[in-house]
Amino acid sequence: MAGEVVIISAGARTPLGFSLPASAAAVRAGISVIGDHPFMIDRFGQPMKVTRDTALEPFASGIDREVELACSAALEALKPVLENPSKPDMTIMMSTGENRPGKSLSHTDLVYKGLCDRLTAYVGPSRGGSIDEGHSGGLIAMHHAAHALASRQAELCLVGGIDSYLVPETLEWLDEGERLHSEGNKYGFCPGEGAGFCLMARKDTADRLGLRPMLTVVATATAKEENLVGTETICLGEGLGSVLAALRTSLPDPEQPVDRILCDMNGERYRGNEYGFAVMRSSGLFRDAAGFETPADCWGDLGAATGPACVGLVMQAHQRGYAGGPLSVVWGSSDNGSRAAVMLASTTGGANA
């Protein structure tokens, strides 16, 4: 990638914890908070299985929920620059999940404006924007930010994803589509909510501002899958496969494959099948393609927040010495066919940086 792009810090708020370290520790320990929704009942007459932020009111609107989640994770990611008296200008890029029942047409713009309004006390004038993408959304935002930084169109980027499935209209829609995990549907998923953000910059900018990079963005890639979940077509992993193949060409050393894989697989059969085909299209990228990690087992499905939150898990692993190797890949697949991935490296190149 032209112009070295780095990640300085990250923040997350998930059903496992109100901060990135708390969430990462719970994922590493295998703690799951999947439980019964307080009042939503599925088509089998049982409480819907979900994960939720216990500090948020169950009846809070989707916009209010997401702004609160976003602000918490964004401020955590901004910690390295919060003490800067000059309030640095910030490019804010984020995703708020795909359009679906429970989200109004203005949802994405309202969440973006709500977050920017909450951050005016901490950063200078901001620019950027938001997209309505699903599981790959936060990673797509990182892809755009990396290119904006490398081409010097931006200096500091706050990048992330926010999502909440816990709006009654959304949960009912998922239930009608037979996508919720339950005793009667083993291959469904457990909806959740959360936010993840990363503070990104070029390395020369980080050095000039006295900010210590935690990760290097080795490469990003995006693609489109034509055979979508819930349709009669068969997905052969073409979209995800092309993304992973693009990352393979960016390996710093072809003899040193990626050590760690984090993804958005959530229990739906489609996603597992897609990954199996995609791996065959990207031979040589992973040291152990079967050794992928699925945090949704613990924090539920975080939608657009999944990618940036997983990047936070990578950062925590290197900071605390259990990364297992210098290279990691985070990938995500949206219902609408968007695919994205990011390859990350320790800034020191060691396994336990």
Checklist outcome for this item: When (1) open to solvent by less than 10 Å² (accessible area, probe 1.4 Å); (2) in contact with a helix residue (DSSP H, G or I) (Cβ under 9 Å, 6 or more places away or on another chain) are applied to ALA145, the one that fails is (2)
Checklist entry - Among ALA296, ALA323, ALA305, ALA317, which is out of contact with any Leu (no Cβ under 7 Å at 6 or more places or on another chain) and either more than 23 Å from ALA146 (Cβ to Cβ) or assigned by the TED database to the domain that holds SER23 (or both)? => result ALA296
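I need the full set of residues from segment 96-126 which are more than 30 Å from GLU176 (Cα to Cα) and either open to solvent by 60 Å² or more (accessible area, probe 1.4 Å) or in contact with a Phe, Trp or Tyr (Cβ under 9 Å, 6 or more places away or on another chain) (or both), in order please. Steps first, answer last, please.
Taking segment 96-126 and keeping what is more than 30 Å from GLU176 (Cα to Cα), we get 113-126.
Scanning segment 96-126 gives LYS113, ASP117, ARG118, THR120, ALA121, TYR122, PRO125.
Collect the residues in segment 234-253 that are of a type in the set (Gly, Ala, Ser) and either touching a helix residue (DSSP H, G or I) at 6+ places or on another chain (Cβ under 8 Å) or more than 24 Å from PRO326 (Cβ to Cβ) (or both), keeping them in residue-number order.
At the first step, the residues of segment 234-253 found to be of a type in the set (Gly, Ala, Ser) are 237, 239, 241-242, 245-246, 250.
Residues satisfying the conditions are GLY237, GLY239, GLY241, SER242.
When you scan segment 131-223 for helices (runs of 4 or more DSSP H) that lie fully inside it, which ones turn up with 3 or more residues that are within 29 Å of GLY62 (Cβ to Cβ) and in contact with a Pro (Cβ under 9 Å, 6 or more places away or on another chain)? Before the answer, list the steps.
On the way: elements: 137-150, 168-176, 203-209.
Ranges flagged: 137-150, 168-176.
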Item to check | Single condition ARG269 does not satisfy, out of (1) out of contact with any helix residue (DSSP H, G or I) (no Cβ under 9 Å at 6 or more places or on another chain); (2) without any contact (Cβ under 8 Å) to a residue 24 or more places away in the chain | outcome: (2)
Checklist outcome for this item: Selection from segment 20-39 of residues in contact (Cβ under 8 Å) with a residue 40 or more places away in the chain and open to solvent by less than 40 Å² (accessible area, probe 1.4 Å) yields LEU20, SER23, ALA24, ALA26, VAL27, HIS37
Checklist outcome for this item: With criteria (1) under 21 Å from GLU293 (Cα atoms); (2) in contact (Cβ under 8 Å) with a residue 24 or more places away in the chain; (3) surrounded by 14 or more Cβ atoms within 10 Å (Cβ to Cβ), GLY17 comes up short on (2)
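The values are calculated or read from the model by the stated rules, or taken from the named source; none is laboratory data. Here the structure is a predicted model, which is why all the values come from computation and not from measurement. Because the Cβ atoms are built from the backbone with ideal geometry, glycine has one as well, and the counts that use them run over all protein chains shown. Note: areas computed on protein heavy atoms with side chains; ligands, DNA, RNA excluded. Shrake-Rupley method; radii C 1.70, N 1.55, O 1.52, S 1.80 Å.
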